[in-house]
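Notes for the one structure printed next.
The values are calculated or read from the model by the stated rules, or taken from the named source; none is laboratory data. Computed from a predicted model, the values in this text were never measured in an experiment. Note that each Cβ is placed from the backbone with ideal geometry, even for glycine, and that neighbours are counted across all protein chains shown. Note: accessible area is taken over every heavy atom of the protein model, side chains too, but ligands, DNA and RNA are not part of it. Shrake-Rupley method; radii C 1.70, N 1.55, O 1.52, S 1.80 Å.
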Amino acid sequence: MSVPSHPLKPFSLAIGLARLYEALSFNIKPFSERAKAVLNDAHLNNINIQENNILAFPPWNIQIFNYSNPFSGYDKTGTAAIIYQQLFSYHRNKYSKYIPVYTDGSKTVGYVGCGVVFNNNILSFSLHNSISVFSAELTAILVALQHILISNHRHFCVYTDSMSALESLHFLTEHRQPTVIEILILLRKLERKGFDINFSWVPVHVGILGNEQSVTDARSMSDHRQRPVCYRDLKTSTQNYIHRVWQETWDQQIPQQTT
């Protein structure tokens with residue numbers, strides 16, 4: 001005759017082990033318990049890893065992505081802001097029928113966010129702290145395209161100050177960031193629906209109002225946007241956290257020198 005297991009038994013066992021570890025604090029806890037503590041302290045519990053759909057585009061039908069740079073040939077260190085403003089004004093006159101959309105991603109200590117200025121609407125979201133600034137820039141572009149998809153207009157010009165984001169969308173690489181694939185898939189969908197979307201790089205902090213607003217929005221506290229985290233971002237964030245804890249532990253072991 002089998003004895004049915006009690007539903008609270010695993011929970012009671014966990015509590016008992018925790019009390020045992022506390023009572024024997026001079027002993028080293030098992031690796032699983034130490035790993036749980038690290039994940040909890042680093043806020044890495046219950047994170048969804050972003051899947052990379054490498055089969056989204058067959059080799060004979062690669063998505064082509066192009067962007068413009070109306071500021072090429074100008075060195076920012078030796079160019080007055082008014083010159084960039086004039087160049088941007090000329091670009092806007094050339095694409096006057098295209099609605100401007102400004103995007104930006106930001107990462108500071110303890111905060112990651114993205115901002116979009118879309119048709120006089122301001123969208124800003126906070127992201128998981130493990131996400132890199134590069135991924136935040138891509139997320140801002142993705143958010144912009146998602147809002148373009150439900151728009152009644154058909155002509156848009158997306159401006160970003162992240163050249164790395166534009167290049168990652170343009171150049172074919174073996175290991176593309178998953179959000180790049182998401183953007184290219186969405187661009188194909190928009191193209192099939194008759195949307196005409198141009199992308200352009202803009203320099204930051206030269207007085208281009210839409211870009212300056214998106215930068216401010218990306219750095220402001222806002223609603224959290226639930227996004228899976230890229231594996232490479234999570235790996236880098238975890239390594240940085242472990243190294244920081246290691247350094248703090250090391251510093252505590254060294255006696256303070258007195259002057």
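Structural remarks
- Long-range neighbours under 8 Å by Cβ, at least six apart or interchain, first residue free of Cβ contacts under 8 Å to residues at least 24 places away in the same chain within the range 82-107, second of a type outside the set (A, V, I, L, M, F, W, C) and open to solvent by 70 Å² or more (accessible area, probe 1.4 Å): Ile83/Tyr74; Leu87/Tyr74
- Restricting the range 216-234 to residues that are surrounded by 12 or more Cβ atoms within 10 Å (Cβ to Cβ) and more than 14 Å from the chain's Cα centre (by Cα) leaves a set whose member that is modelled with the lowest pLDDT is Ser222.
- Verdict on Ile49 being within 14 Å of the chain's Cα centre (by Cα) and open to solvent by 50 Å² or more (accessible area, probe 1.4 Å): yes
- If you filter the range 144-183 down to residues that are within 20 Å of Ile131 (Cβ to Cβ) and of a type in the set (Asp, Glu), you find that the one that is surrounded by the most Cβ atoms within 10 Å (Cβ to Cβ) is Asp161.
- Search result, residues across the range 89-127 that are within 24 Å of Thr139 (Cβ to Cβ) and aromatic (Phe, Trp, Tyr): Tyr98, Tyr102, Tyr111, Phe118, Phe125
- All of Tyr98, Tyr84, Tyr90, Tyr74 fail the test of being of a type outside the set (A, V, I, L, M), more than 26 Å from Ser222 (Cβ to Cβ) and in contact with a Cys (Cβ under 7 Å, 6 or more places away or on another chain), apart from Tyr98.
- Some residue of the range 135-151 being at positive phi, free of Cβ contacts under 8 Å to residues at least 60 places away in the same chain and outside any helix (DSSP H, G or I): no
- Selection count, the range 73-91, where residues are under 29 Å from Leu186 (Cα atoms) and either modelled with pLDDT under 90 or buried (at least 16 other Cβ atoms within 10 Å of the Cβ) (or both): 2
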